[in-house]
1. Name the residues in region 133-150 that are in a strand (DSSP E or B) and either surrounded by 24 or more Cβ atoms within 10 Å (Cβ to Cβ) or touching a Gly at 6+ places or on another chain (Cβ under 6 Å) (or both), would you?
2. Which of the residues belonging to region 151-164 are in contact with a Leu (Cβ under 9 Å, 6 or more places away or on another chain) and either part of a helix (DSSP H, G or I) or among the hydrophobic types (A, V, I, L, M, F, W, C) (or both)?
3. Of everything in region 96-132, what is open to solvent by less than 70 Å² (accessible area, probe 1.4 Å) and free of Cβ contacts under 8 Å to residues at least 24 places away in the same chain? Give them in sequence order.
4. Looking at region 78-95, which of its residues are surrounded by fewer than 23 Cβ atoms within 10 Å (Cβ to Cβ) and in contact with a helix residue (DSSP H, G or I) (Cβ under 8 Å, 6 or more places away or on another chain)?
5. For Phe179, only one of the following conditions fails: (1) more than 19 Å from Glu41 (Cα to Cα); (2) modelled with pLDDT of 95 or more. What is its number?
6. Give region 109-125 a look and list any residue that's among the polar types (S, T, N, Q) and closer than 13 Å to Pro154 by Cα, or say none.
7. Looking only at residues in region 99-132 that are among the acidic types (Asp, Glu) and in a loop (DSSP other than H, G, I, E, B), which one is farthest from Ile45 (Cα to Cα)?
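The values are calculated or read from the model by the stated rules, or taken from the named source; none is laboratory data. Since we're looking at a predicted model, the values are computed, not measured. Positions of Cβ are backbone-derived with ideal geometry, glycine not excepted, and every protein chain shown enters the neighbour counts. Side chains included, ligands, DNA and RNA excluded: accessible areas come from the protein's heavy atoms. Shrake-Rupley method; radii C 1.70, N 1.55, O 1.52, S 1.80 Å.
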Amino acid sequence: MKTLVRFIFPLLMIAAADSALAASALDCETRSGKPNPTPAENAAISKLSPLRACKAAIDDRTACNVFLGRALDVLFKNSDFKTGNDSYMLANDIVNGLEMPGNAGWKKIGVATQQDALGKAQALANEGKAVVVARKGPVVDGTRRPGHVALILPGTAQNYAFDGFSWGSLVVPNSASFFLDKPDRMFFGCPLSAVWKKPDDVGLYYKP
């Protein structure tokens, strides 16, 4: 990698979700009331569709734990989180790097509790910018658990609630996410509120 690698020890990559996806969120791709996909959303999902192959590779974490890095490469030819031929940074290290000065040019939009930041994230993705969302894992018994990162897709922001998820009235951007060790829960084109149970401590960033 470039600037980020100079600050962060390279690791394999990327993300065990720090909260489980609720059962009601598993069908979010075909949910009732889903906005019609925009041409840009369809184009992005079409390019990302080969990454769905990791759904069938439940015993092969290597094939699936590099989702964000591969998605950025496929959509934007961006290798900022790549550390080797097919190795990528861990989610917690991505969060640390994004919050540092000299972070390969990524800029913070805001946090997911801010409606204006959520709206700007969707607008930037619709303009063709790379937009990522990240939260560091919690500390449990003195140990930092793995964090999680997701990608904002072009499309339409929406307020959409899932059982056990508490995002209130926030209108959230369209997203894509893969959950390490839960490949069946990968999704393209679900609200960001399907990724984390709460928006607390979730940062949004984009590459100009």
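1. Of the residues in region 133-150, the ones in a strand (DSSP E or B) are 133-135, 139-140, 143-144, 148-150.
Val133, Ala134, Arg135, Arg144, His148, Val149, Ala150, listed by residue number.
2. Here is the first cut: in region 151-164, the ones in contact with a Leu (Cβ under 9 Å, 6 or more places away or on another chain) are 151-153, 157, 159, 162.
Within region 151-164, Leu151, Ile152, Leu153, Ala157, Phe162 qualify.
3. Residue satisfying the conditions is Ala123 alone.
4. Asn78, Ser79, Lys82, Thr83, Asp86
5. Exception for Phe179: condition (2).
6. At the first step, the residues of region 109-125 found to be among the polar types (S, T, N, Q) are 113-115, 122.
Across region 109-125, the qualifying residue is only Gln122.
7. Within region 99-132, the subset among the acidic types (Asp, Glu) is 99, 116, 127.
Filter once more, keeping what is in a loop (DSSP other than H, G, I, E, B): 99, 127.
Numbers: Glu99: 28, Glu127: 16 Å.
Step by step, filter region 99-132, then rank; the result is Glu99.
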